[in-house]
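Quick notes on the structure that follows.
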Amino acid sequence: MNEIQIAIDGPASAGKSTIAKILANDLKYVYVDTGAMYRAITVAVLRSGIAPEDESSVSALVPSLEISFAPGEPVQKVFLNQKEITQEIRSIEVTANVSEISSYAAVRDLMTQLQRKIANNGGVVMDGRDIGTTVLPKAEVKIFLIASVHERALRRYKENQAKGMTESLAEIEAAVQKRDYLDSTRLISPLKKASDAIEVDTTGLSISEVVKIIKQIINEKHANNELNLV
Ligand code: CDP
Ligand code: CDP
C-alpha cells in the first residue's frame, strides 16, 4: 500500500496518542502528536510570565519559539528551543491552560502550517482535535475516537497514579469535561468530527481491540479502492 495520511481526532483521553503511535509503528509511518505542540507552546507562555488570557502577548511570543521532537520510550521526547520539556508538558498547570492558549488564531495558524509541512509527503499518523477537519482535510483515513467521560477520566487517573501524580478522579473528570467544552466551543477549528470521519466508541474496549478496528477500517477502504493513493 502506498503511503497515506491518517488523521485521528477526539476528546481528551479517548486513546488517540496510544492508538496513533501503535499504528504508526506497525505501518512504519511517522507519528505526530499535535497536542504535544500546543502543550509546548503553553510551557513557553507559562515560563515567560505572560498571562494565558493575554492573547496579543501570547501571539507575539509564539513565532519566536522552536518546537522539536525526538523518538523516545514510552513517549516521544519534546523540546522547546532545544531544551527537553517532555515531562513538563503533562503537568496539571499546563493541562489547565492549554485549551485557552490553543484557541488563539496566531497559535493555531503557526501550528497548522508546521503540521501540514510534516505531513506533506504522506506516511503519517497525526492525532489531535482538528486534523481531519482543518489540518489534513484530504487525509485518506479519518478516525474520530470517543469514550464516555467517566472512562476517559478513569484512564487518565490510572495513568497519573502510575506517574505519582495526586489529582483525584473527581478533579480529573472535571478538568476533562472543562477541556472538552473549551475545545469543542472555540471559534477556530473546534474539536468536531469531520463529515467523512469514522467514529469509533472505545468505551469498554482494550487498546488492541481499538487498533484492530482501525486496521479493519483501513483494509476495507483499501479493498474498496477508497484510498486516494498517489
Ligand atoms: O492527550 P490529551 O487528550 O490530554 O490532550 P492533547 O492531545 O495533549 O492536547 C492538549 C490540548 O491541546 C487540547 O485539550 C486542545 O486544547 C489542544 N489541541 C488543539 O487545540 N488542537 C490539536 N490538534 C491538538 C491539541
Ligand atoms: O491521546 P489521548 O488523550 O486521546 O489518550 P491517550 O493518552 O492515548 O490514552 C489515555 C490513557 O488511556 C492511556 O493511559 C492509555 O493507555 C489508556 N487507554 C485505555 O486504557 N484503553 C484504550 N482503549 C485506549 C487508551
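Computed from the coordinates by the stated procedures, all read-outs in this text should not be read as laboratory data. Everything numeric here is computed off the predicted structure, so don't read it as measured data. Positions of Cβ are generated from backbone atoms using ideal geometry, with glycine treated the same way; all protein chains shown enter the neighbour counts.
Below are the figures for this structure:
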quantity	calculated
Percent of alpha-carbon pairs separated by more than 24 Å within the range 5-223	40 percent
Label-to-label distance, nm, for residues given as Asn2 and Ser184 (7 Å Cα→Cβ offset)	3.7 nm
Cα-based reach from Lys117 at 17 Å (exclusive), listing lysines while leaving out same-chain residues under 8 positions away	Lys138
Proximal aspartates and glutamates to Lys212, defined as alpha-carbon separation beneath 16 angstrom and excluding residues fewer than eight positions away on the same chain	Asp26, Glu199, Asp201, Glu220
Backbone N within the range 132-172 under 17 Å of label point (7 Å from Lys192 Cα along the Cβ vector)	132-139, 143-145
Debye-sum result for the range 102-205 in log10 I(q)/I(0), which assumes one identical scatterer on each alpha carbon, at q = 0.14, 0.21, 0.22, 0.24 Å⁻¹	-0.68, -1.16, -1.19, -1.24
Net length gained if the chain between Ala223 and Glu53 were fully extended (0.36 nm per residue, minus Cα distance)	56.3 nm
Pairwise FRET efficiency - Asp201 versus Ala170, Cβ, R0 = 22 Å, nearest 0.05	0.40
Largest to smallest principal axis extent of the C-alpha atoms in the range 3-54, angstrom	42, 19, 15
Packing rank of 83-95, 126-138, where each peptide gets the mean count of other beta carbons within 10 Å, highest leading	126-138, 83-95
Estimated 222 nm signal from helices in the chain, with DSSP H stretches of n ≥ 4 weighted -39500 (n - 2.57), rounded to 500	-15000 deg cm²/dmol
Magnitude of the charge dipole, the chain, Cβ model with Lys/Arg +1 and Asp/Glu -1, debye to 20	300 debye
Crossing angle, helix 105-119 versus the chain [Cα axis fit, 0-90 degrees, rounded to tens]	40 degrees
